[in-house]
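Below is one structure, written out as structure tokens, with a few remarks after it.
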Amino acid sequence: DSGVTQTPKHLITATGQRVTLRCSPRSGDLSVYWYQQSLDQGLQFLIQYYNGEERAKGNILERFSAQQFPDLHSELNLSSLELGDSALYFCASSPRVNVQETQYFGPGTRLLVL
Amino acid sequence: AQTVTQSQPEMSVQEAETVTLSCTYDTSESDYYLFWYKQPPSRQMILVIRQEAYKQQNATENRFSVNFQKAAKSFSLKISDSQLGDAAMYFCAYRSAGNNDMRFGAGTRLTVKP
């Protein structure tokens, strides 16, 4: 158990809908990262937040957005969902923002878009 | 852009034997970090081992060790005394010292035969 929690574990929705994925980092960690793992794209970095501020952006679509709240939990919002958005979405956390820090991954949220 | 290549989609090893998983990466940077993550059927991403590029000594964690060849841009993972619980997908990852964007390889599925 990494100490990172993600809810829900599974999510099934329809095309065109909007969903919110939630992540609670390890106690004391200030950085949160979001990743998408799909069959065709593999594991991709989406976005990082540090202490409430966006810190780094990867291959995140404009239909996706994220935020980190004062209590440090983070939410990833996916809108206008398409079939291709079906994937496993991971959240990871680290103590601060330094690149040498290890990222600890949560169990993931499996999203299925029908 | 940095890319990570795992040329072995699948590997198999006999229990108690040793297996080596290959990883190569492409970068023009001199300072970076390399990781091996394990993803068992539970889908949780678990850090196996990490290597700082500035360190010449190969990292070791119990039965897991790496062969880091910086000039060749190669970062292989050796698993000694393989156990049934080692069966999983293994991902090699690269992270620049300049940003938090972690790049993953496509993964190698390791099967351990009893």
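Looking only at residues in the stretch A:10-24 that are over 12 Å from residue A:66 (Cβ atoms) and aliphatic (A, V, I, L, M), the one that is nearest to the other protein chains (Cβ to nearest Cβ) is A:11.
Tell me, please, whether a residue that is more than 14 Å from chain B (Cβ to nearest Cβ), of a type outside the set (D, E, K, R) and in a strand (DSSP E or B) can be found in the stretch A:51-60. Scanning the stretch A:51-60 turns up no residue that is more than 14 Å from chain B (Cβ to nearest Cβ), of a type outside the set (D, E, K, R) and in a strand (DSSP E or B).
So the check is Cβ under 8 Å with 6+ separation or different chains; which pairs have a first residue in the stretch A:88-114 that's under 14 Å from residue A:46 (Cα atoms) and within 7 Å of chain B (Cβ to nearest Cβ) and a second one that's in a loop (DSSP other than H, G, I, E, B) and among the aromatic types (Phe, Trp, Tyr)? If the second residue must be in a loop (DSSP other than H, G, I, E, B) and among the aromatic types (Phe, Trp, Tyr), no pairs are left.
State whether the residues of the stretch B:41-63 include one that is closer than 22 Å to residue A:36 by Cβ and surrounded by fewer than 13 Cβ atoms within 10 Å (Cβ to Cβ). Yes, that holds for at least one residue. The residue of the stretch A:25-48 that is nearest to the other protein chains (Cβ to nearest Cβ), among those that are of a type in the set (A, V, I, L, M) and either more than 14 Å from residue A:111 (Cβ to Cβ) or touching a Leu at 6+ places or on another chain (Cβ under 6 Å) (or both), is A:43.
Inside the stretch B:30-50, residues that are more than 16 Å from residue B:107 (Cα to Cα) and either more than 11 Å from every other protein chain (Cβ to nearest Cβ) or among the small types (Gly, Ala, Ser) (or both) make up a count of 1.
Just so you know, in the stretch A:39-78 the residues that are surrounded by fewer than 16 Cβ atoms within 10 Å (Cβ to Cβ) and among the basic types (Lys, Arg) include one that is modelled with the lowest pLDDT, and it is A:57. Within the stretch B:54-61, identify whether any single residue is in a strand (DSSP E or B) and either over 21 Å from residue B:114 (Cα atoms) or in contact with a helix residue (DSSP H, G or I) (Cβ under 6 Å, 6 or more places away or on another chain) (or both), and answer yes or no. There is at least one residue in the stretch B:54-61 that is in a strand (DSSP E or B) and either over 21 Å from residue B:114 (Cα atoms) or in contact with a helix residue (DSSP H, G or I) (Cβ under 6 Å, 6 or more places away or on another chain) (or both).
Looking at the stretch A:1-40, the strands (runs of 3 or more DSSP E) lying wholly inside it that each contain 3 or more residues that are farther than 18 Å from residue B:40 by Cβ sit at A:10-13, A:19-24, A:31-38. Can residue B:113 be described as at pLDDT below 95 and either among the hydroxyl-bearing types (Ser, Thr, Tyr) or out of contact with any Asp or Glu (no Cβ under 6 Å at 6 or more places or on another chain) (or both)? Answer is no for this residue. The residue of the stretch B:12-31 that is modelled with the highest pLDDT, among those that are more than 16 Å from residue B:91 (Cβ to Cβ) and surrounded by 15 or more Cβ atoms within 10 Å (Cβ to Cβ), is B:13. Within the stretch B:65-114, being surrounded by fewer than 17 Cβ atoms within 10 Å (Cβ to Cβ) and within 14 Å of another protein chain (Cβ to nearest Cβ) holds for B:97, B:98, B:99, B:106, B:109.
The values are calculated or read from the model by the stated rules, or taken from the named source; none is laboratory data. Just so it is clear, the structure is predicted and the values come from calculations on it, not from any experiment. Positions of Cβ are backbone-derived with ideal geometry, glycine not excepted, and every protein chain shown enters the neighbour counts.
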